[in-house]
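*Asks:* Once you've had a glance at the structure underneath, I'll fire off some questions.
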Amino acid sequence: QVHLVESGGGLVQAGGSLRLSCAASGRPFRSYALGWFRQAPGKEREFVASSNWRGSTYYADSVKGRFTISGDIAKNMVYLQMNSLKPEDTSVYYCAAGPLGSTWRGDEYHYWGQGTQVTVSS
């Protein structure tokens with residue numbers, strides 16, 4: 001069992017930055033992959049970024065070069081640094097945990113946080 005709690009969302013102007021945090025608990029941090037997904041109103045959930053902390057990191061094309069996923073094993077935290085934000089990045093962002101082989105597919109992830117709202121104004 002893995003428990004995930006996101007924080008760090010908010011309102012930011014286009015071009016600005018935010019850092020989302022996800023506190024993970026319940027199992028050793030390196031025993032699972034962690035990913036970020038997002039869902040805007042009326043749209044399907046979409047993949048943002050993920051890492052298995054063993055050299056496999058994935059990013060959606062829409063965020064490559066702007067977003068960075070990182071982790072702090074000692075603190076059991078995973079972060080999503082978001083730079084050069086655009087209005088189309090506005091969504092609820094979710095942290096998710098899955099087996100080490102998990103990639104960009106949402107159905108590979110078994111545990112989900114409650115989400116944090118990110119709003120980018122133009």
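The values are calculated or read from the model by the stated rules, or taken from the named source; none is laboratory data. Owing to the predicted nature of the structure, the values given are computational and were not obtained by experimental measurement. A quick note on method: Cβ atoms are made from the backbone with ideal geometry, for glycine too, and the neighbour counts reach across all protein chains shown. Side chains included, ligands, DNA and RNA excluded: accessible areas come from the protein's heavy atoms. Shrake-Rupley method; radii C 1.70, N 1.55, O 1.52, S 1.80 Å.
*Asks:* Modelling each spin label as a point 7 Å along the Cα-to-Cβ direction, I'd like the residue 86/residue 107 distance in nm, to one decimal.
*Replies:* In this crude label model, residue 86 to residue 107 measures out at 2.8 nm.
*Asks:* Here is a follow-up. Segment 1-27 to segment 76-122: how many Å between their Cα centroids?
*Replies:* 8 Å
*Asks:* Could you point to the residue in 14, 87, 103 farthest towards the positive end of segment 1-115's charge dipole, with +1 and -1 charges on the Cβ of Lys/Arg and Asp/Glu respectively?
*Replies:* My answer, from the dipole projection, is 103.
*Asks:* May I pose another question? For segment 25-122, with the dipole built from +1 on Lys and Arg beta-carbon atoms and -1 on Asp and Glu ones, taken about the Cα centre, which of 34, 76, 120 lies farthest toward the positive end?
*Replies:* 76
*Asks:* How much accessible surface does residue 11 have with a 1.4 Å probe, in Å² rounded to 10?
*Replies:* Probe radius 1.4 Å; accessible area of residue 11 about 130 Å².
*Asks:* Suppose we keep just the alpha-carbon trace of the chain; what are its Rg and Dmax in angstrom?
*Replies:* Reported Rg and Dmax, both Å: 13.3, 40.
*Asks:* Determine the per residue accessible area of the chain with all protein chains present and a 1.4 angstrom probe, expressed in square angstrom. List each step's numbers first, then the result.
*Replies:* Working: 6090 Å² over 122 residues.
Heavy-atom SASA per residue in the chain reads 50 Å².
*Asks:* With an 8 Å cut-off on Cα pairs and a minimum separation of 6 or more residues, tell me the relative contact order of segment 1-82 in percent.
*Replies:* Averaging sequence separation for qualifying contacts and normalising by length gives 29 percent for segment 1-82.
*Asks:* For the chain, set up a GNM with springs between Cα atoms under 10 Å and report which of 78, 48, 63 has the largest fluctuation.
*Replies:* Fluctuation is largest for 63.
*Asks:* For residue 21, what charge total do you get from the other residues with a beta carbon under 11 Å from its beta carbon, if Lys and Arg give +1 and Asp and Glu give -1?
*Replies:* Details: positive: 19, 75; negative: 6, 72.
Here the count lands on 0.
*Asks:* To continue, here is another question. Label segment 1-61 by shape, choosing from rounded, prolate and oblate, from the square roots a ≥ b ≥ c of the eigenvalues of the Cα gyration tensor; if a/c is under 1.5 it is rounded, and otherwise prolate applies when a/b is larger than b/c, oblate when it is not.
*Replies:* Because a/c hits 1.5 or more and a/b exceeds b/c, segment 1-61 counts as prolate.
*Asks:* Let me ask something else. Only Lys, Arg, Asp and Glu count, each charged at its Cβ (+1, +1, -1, -1), so figure out the dipole size of the chain about its Cα centre, rounded to 20 debye.
*Replies:* 260 debye
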